[in-house]
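Colleague: First the structure, then my questions, so here it is.
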Amino acid sequence: MTRYRLAAMIDGPLVRQVGKRGSTGGASFLSALSVAADEVPFDETDLYGFLHFRIDTAFTAQKRSNWFGGRFYNALVGQSATYVPLSRTHLRQALSCLGLQAPEKVVVQGRYELRLDYALKAYEELALRVNAEPN
């Protein structure tokens, strides 16, 4: 599976390939369910919680990156201190919170990384929407 990273351009985010993950055989049943679960859109409350977790993970990776062992661990487990990993559906939802459209290169089973500042802006917008909703 190909992974992409979104970087900022003057006119909005740009999709950039950052690595490849390939599978040599057919996907298992559980793997297929995992891919299917990534494609189910969240409601605003669930997307807010999901982004909260992803952003917190990026902040934890930032704290770890202050020393060599932490940077090595981040590289080993694939955590980025400046990007938030998302599936296509969740990327589109996060960008739509900001009034942006995902680039046309965004494909169904692609894995994407959204810059942390964009994720924080989407999170703040969702916080306003979620907290404004009556319970």
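The values are calculated or read from the model by the stated rules, or taken from the named source; none is laboratory data. Here the structure is a predicted model, which means the values were calculated and not measured. Ideal geometry is used to build each Cβ from the backbone, glycine not excepted, and the neighbour counts take in all protein chains shown. Keep in mind that these areas ignore ligands, DNA and RNA; they rest on the heavy atoms of the full protein, side chains included. Shrake-Rupley method; radii C 1.70, N 1.55, O 1.52, S 1.80 Å.
Colleague: Give me the accessible area of Ser96, 1.4 Å probe, in Å² rounded to the nearest 10.
Modeller: 70 Å²
Colleague: Using heavy-atom solvent-accessible surface (probe 1.4 Å) with all chains present, what is the largest-first order of Glu124, Glu113?
Modeller: Glu124, Glu113
Colleague: Ser96: net charge of surrounding residues, Cβ under 14 Å, Lys/Arg +1, Asp/Glu -1, itself excluded?
Modeller: +1
Colleague: Using the per-residue mean of other Cβ atoms lying within 10 Å as a proxy for protection, in what order, highest first, do the peptides 116-122, 50-56 fall?
Modeller: 116-122, 50-56
Colleague: Another question about this same structure. With a 1.4 Å probe and all protein chains kept in place, how much accessible area does Thr45 have, in Å² rounded to the nearest 10?
Modeller: 70 Å²
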